[in-house]
1. Quick one: count up the residues across the range 47-87 that are among the acidic types (D, E) and without any contact (Cβ under 8 Å) to a residue 12 or more places away in the chain.
2. Examine the range 75-83 for a residue that is surrounded by fewer than 17 Cβ atoms within 10 Å (Cβ to Cβ), part of a helix (DSSP H, G or I) and at pLDDT below 90, and state whether such a residue exists.
3. Check whether at least one residue in the range 59-74 is farther than 22 Å from T129 by Cα, modelled with pLDDT of 55 or more and buried (at least 16 other Cβ atoms within 10 Å of the Cβ), and report yes or no.
4. Restricting attention to the range 89-106, does a residue exist that is of a type outside the set (K, R), surrounded by fewer than 17 Cβ atoms within 10 Å (Cβ to Cβ), farther than 16 Å from N140 by Cα and free of Cβ contacts under 8 Å to residues at least 12 places away in the same chain?
Amino acid sequence: MHLHHPESPRRRALPAWAVVLSALTAASFAALTACGSDSSTDPGPSCPANLPEACPSPPPSYEADIKPLMAERCTPCHAPNGTGVGRAGRDFTRYDALSAHRTSVLSQVYSCNMPPREATALTPSQRSTLLAWLVCNAPNN
């Protein structure tokens, strides 16, 4: 049994900005590559800086919003037989796999490295929804 000493600090949940900062830091060390992308981390001049400052209420739904978006836009590469899994090692057909990599997904989407440049870009609505869900710590809702 662990006793909490009254003078020892308590652990607190990280604010959204800290999660985002951690995600962007992680992206500088390891970039995902998929579907033949060049793994460049330079987002280019057309990459919007539209990361939500906080989790919206209510957060986007995994089942209603994110799962269909991933099926349409990401799992052609990031699936067991997808063209990107062998290189990127990511299978995003299941919530648990996507959630486990949420920090790197946030970094790659926010920096416009995913989808890769030769693929069709996310629509502004898709990008906004996915980034909001990731800022909300990827709830399984």
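1. 1
2. No, there is no match, as no residue in the range 75-83 is surrounded by fewer than 17 Cβ atoms within 10 Å (Cβ to Cβ), part of a helix (DSSP H, G or I) and at pLDDT below 90.
3. no
4. Yes, that holds for at least one residue.
The values are calculated or read from the model by the stated rules, or taken from the named source; none is laboratory data. Everything quoted here is computed from the prediction, not taken from an experiment. Because the Cβ atoms are built from the backbone with ideal geometry, glycine has one as well, and the counts that use them run over all protein chains shown.
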